[in-house]
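This report concerns only the one structure given below.
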Amino acid sequence: MQAPGHLREQARAIFSGEDKEHPPCQDCGGVHARACPRIRSVHTMINDQGIVVSREVTYWPPGQWEHHCIFWDDINDADD
Ligand SMILES: [Zn+2]
């Protein structure tokens, strides 16, 4: 499991464009180590080729999910 400091560095690399292999989370727009905490449930439909053809996501309402392990793009501002 990654330490938060490492994740912070990873997030900085991702948002600065240094790390192109790990895009930010498509659901919350942030970087986090585990499954997206914003997602309440997700259903994916995959076709014969293993391609996702449908993705249905339900999110927790604002204020009802934990943000503290997520880094967003604005972390760059804090380091100026
Ligand atoms: Zn997420």
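The values are calculated or read from the model by the stated rules, or taken from the named source; none is laboratory data. Computed from a predicted model, the values in this text were never measured in an experiment. Neighbour counts are summed over all protein chains in view; Cβ atoms, including those assigned to glycine, are modelled from backbone coordinates with ideal geometry.
Mind listing whichever residues of segment 52-77 are part of a loop (DSSP other than H, G, I, E, B), of a type outside the set (Gly, Ala, Ser) and modelled with pLDDT under 95? Before you say what the answer is, go through the steps one by one.
Here is the first cut: in segment 52-77, the residues part of a loop (DSSP other than H, G, I, E, B) are 60-70, 72-74.
With the extra rule that they be of a type outside the set (Gly, Ala, Ser), the set shrinks to 60-62, 64-70, 72-74.
62, 64, 65, 66, 67, 68, 69, 70, 72, 73, 74, listed by residue number.
Residue check, residue 21 against (1) charged (D, E, K, R); (2) surrounded by fewer than 10 Cβ atoms within 10 Å (Cβ to Cβ); (3) touching a residue at least 24 places away in the same chain (Cβ under 8 Å), all met but one. Which one?
Result: residue 21 fails condition (3) only.
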